[in-house]
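Enquirer: Starting off with a structure, shown below.
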Amino acid sequence: MSTVGDRSDLWSLVEPSLRRHGSRTAWRCRLAGGGCRCYRYRDIYAHTLDFADRLREYGVRAGDTVAILAPNGPQWGTAALAVWRVGARVAPVHPGTSDSEMASQIRALAPRVVLIHGVDRVLPNTLPIELARDSSRIDREREAGHALASPDDEAVRLYTSGSTGSPKMVRLSHDNIASNVFAALQCADFRRSDRFLSLLPLSHMMEITGGLLVPLRTGATIVLPRVLAATEILAAMAEERISVVIAVPRLFRNIMLGMEKKFRAAGGAMAVYRRVLKALPVFLRTRFNYPIRRRIGGAVHIWISGGSRLDPEITRFFHDLGLPLCQGYGLTETSPLVSVQPVFSTELDSVGNPAQRVEVRIHEPDAQGAGELWVKGPNVMLGYVDEAQTREVMEGDWFRTGDLARIDAQGNIVLTGRSKRLIVTEAGKNVYPEDLEIRLERFEEVTEAAVLEVEMRPAAVLVVDGRGREQTARDVLKRFNCDVSSFNQIARFALVEALPRTPVGKIALKELPAIFATHEIRR
């Protein structure tokens, strides 16, 4: 095993678990026609050795970049493990990327080969991902052994355009990611009996770390839904007894709205039950809430929201029901975990204390203690491929996140906004778009909301339900403006059918100005 102290390369992180938990199910893939296809840990181990030999035969060597273009599933996981076994680096490419963007990404990544499965794209230099068990290949790979990677070697090269700013290629080491896996295991009591629902794309670090490596290291099961549709996600949670969900705030908001609708339809008895449940101590609430838990599989262990700020009222809603929703925080450049709330934390607006071995500081705090959040630790990236971009965000060992935050009396990180999104009005007042978006989405008529700067004032792009959308939006904004300070009031707005989203589900902020200009509702 290639380790230095408690540092590890990613193959060595997972390989013992593949052998130890051989008979356990690693993946349960729900099939379109019904039923599931299961892959045991021993299957994944054998498939990885077989495919690693195929990579060597193709000419992949330690230090090469290998792109993976595939949907979530055992093929993606096996390919990544095989790449790390031969000492190469993984470069994920999202299957939903447009042809032109994909071509641009692959040119920038310059991979030795593109590993492909389940996508209909014509690309040069591809190798199909095969889940085979050729005994001669497996024996040959066992003899070849692990091409030992140093924990400091690059493990993942991730092309990220983010929701704002220019494209970047983030370089993460084995130790960056392995330290984050160990930190995640300290933050939450993950168990072998857990079932993780795979929702976020494996082109995103939150899913690579939290949705792939954490369950495989633990010996847990990864469940793949048939499609990423709300009805299927809820069905999978119930039928597969899902215990762990790691997703973006939008999913938890949609679950909350669906539950609220059913609660209203259930009448007065449900309202009384909810009031009694809310009044109980947490340890009793989690026992007497079985009628609610049963509808979502009965096995809820922990839900984690990340990717963007979570409305604390959503957290409060689930906590009142005895459901353990936590908010985490991190960035691609931090592998990604920086912090996560403890289960049933009462500090709803925080993102918890820094994870194990992670340090944070507030740079140049204002009178309220808020300033740019800086992060230091083994999880901080090696840098970008472009050294000039690296110099813009690194101050020695400290990574400048670009997020605005303060540290409360308990040492919790409380996010206040994104520095690049901060709106400064003509009067010099600071407006935080994330706060306004959360407030707007508390109106039941508003499906989605995004706030941007237009002529030094906040403006909104809204998705509104029902008929008479324009008048509904005006009524919502009238009520909204009565409840906020004058500098936070929104006078101009646009209406759209859906907000633009990145592959992970965050708002594609750089597209908002053009959308606003095209869809603004004039007086």
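The values are calculated or read from the model by the stated rules, or taken from the named source; none is laboratory data. Computed from a prediction, not measured in an experiment: that's the story for all the values here. Don't worry about glycine lacking a Cβ; one is built from the backbone with ideal geometry, like all the others, and counts go over all protein chains shown. Remember, those area values only see protein heavy atoms, side chains included, never the ligands or the DNA or RNA. Shrake-Rupley method; radii C 1.70, N 1.55, O 1.52, S 1.80 Å.
Enquirer: Which whole-Hz ³J(HN,Hα) couplings does region 103-115 yield from phi under the Karplus relation 6.51 cos²θ - 1.76 cosθ + 1.60, θ = phi - 60°, glycine and proline marked x?
Expert: Going residue by residue, I get 4, 5, 4, 5, 4, 5, 6, 6, x, 5, 7, 10, 7 Hz, with x marking Gly and Pro.
Enquirer: Which value, in nm² and rounded to one decimal, describes the direction-averaged projected area of the C-alpha convex hull of region 348-427?
Expert: The directionally averaged projection comes out at 6.9 nm².
Enquirer: In whole Hz, with x marking every Gly and Pro, tabulate ³J(HN,Hα) for region 302-308 from phi via Karplus 6.51 cos²θ - 1.76 cosθ + 1.60, θ = phi - 60°.
Expert: Karplus-based 3J(HN,Hα) across region 302-308 equals 7, 10, 10, 9, x, x, 7 Hz.
Enquirer: Please work out the Cα center distance from region 485-523 to region 376-392, rounded to the nearest Å.
Expert: Distance between centres, Cα-based: 31 Å.
Enquirer: Sticking with this one: According to the Cα gyration tensor, what semi-axes, each the square root of 5 times an eigenvalue, does the equivalent ellipsoid of the chain have, listed from largest to smallest in whole Å?
Expert: 38, 28, 23
Enquirer: So how far apart, in nm, are the two label points at residue 518 and residue 123 if each is 7 Å from Cα heading toward Cβ?
Expert: Here the modelled spin labels are 2.7 nm apart.
Enquirer: Any chance you could give the angle, 0 to 90 degrees and rounded to 10, that helix 249-266 forms with the longest Cα principal axis of the chain?
Expert: Taking the Cα atoms of the chain, the angle to 249-266 is about 60 degrees.
Enquirer: Please report, in debye to the nearest 20, how large the charge dipole of the chain is about its Cα centre when each Lys and Arg carries +1 at its beta carbon and each Asp and Glu carries -1 there.
Expert: It works out to roughly 1780 debye.
Enquirer: Output the 0 to 90 degree angle, nearest 10, between the alpha-carbon long axis of helix 469-482 and the longest principal axis computed from the alpha carbons of the chain.
Expert: Rounded to the nearest ten degrees, it is 70.
Enquirer: How would you rank 481-487, 141-147, 493-499, 309-315, highest first, on the average number of other Cβ atoms within 10 Å across their residues?
Expert: Top of the packing list down: 309-315, 493-499, 141-147, 481-487.
Enquirer: Scan around residue 330 for amide H atoms under 5 Å from its own, H built in the peptide plane at 1.01 Å from N, and keep only partners 5 or more places away or cross-chain.
Expert: Correct list: 307, 338.
Enquirer: Express the carbon and sulfur contribution to the solvent-accessible surface of the chain as a percent, rounded to the nearest whole number, probe 1.4 angstrom.
Expert: 49 percent
Enquirer: Extending each Cα 7 Å along its Cβ direction at residue 408 and residue 455, get the distance between those two points in nm, one decimal.
Expert: A separation of 3.9 nm, rounded to one decimal place.
Enquirer: Now, a different point. Need the full-extension length gain, residue 148 to residue 58, defined as separation in residues times 0.36 nm minus the C-alpha distance. One decimal, nm.
Expert: Length difference between fully extended and current span is 30.5 nm.
Enquirer: How far apart, in nm, are two points set 7 Å out from the Cα along the Cα-to-Cβ line at residue 99 and at residue 284?
Expert: Label at residue 99, label at residue 284, 6.4 nm between them.
Enquirer: Moving on. Among 427, 487, 454, whose Cα sits farthest toward the positive end of the charge dipole of region 419-496 (+1 at Cβ of Lys/Arg, -1 at Cβ of Asp/Glu, about the Cα centre)?
Expert: Result: 427, furthest along the dipole toward the positive end.
Enquirer: Along each of its three principal axes, how wide is the spread of alpha-carbon positions in region 372-523, in whole angstrom units, largest first?
Expert: The principal-axis extents, from largest down, are 54, 36, 29 Å.
Enquirer: When the Karplus curve 6.51 cos²θ - 1.76 cosθ + 1.60 is applied with θ = phi - 60°, which whole-Hz ³J(HN,Hα) does each residue of region 150-156 get, with x for Gly and Pro?
Expert: Taking θ as phi minus 60°, the curve returns 6, x, 8, 6, 6, 10, 9 Hz for region 150-156.
Enquirer: Place a +1 charge on the Cβ of each Lys and Arg in region 163-270 and a -1 charge on the Cβ of each Asp and Glu, then give the dipole magnitude about the Cα centre in debye, rounded to the nearest 20.
Expert: So the dipole magnitude of region 163-270 works out to roughly 200 debye.
Enquirer: Report, in degrees rounded to the nearest 10, the 0 to 90 angle that the Cα long axis of helix 268-279 makes with the longest principal axis of the chain.
Expert: 70 degrees
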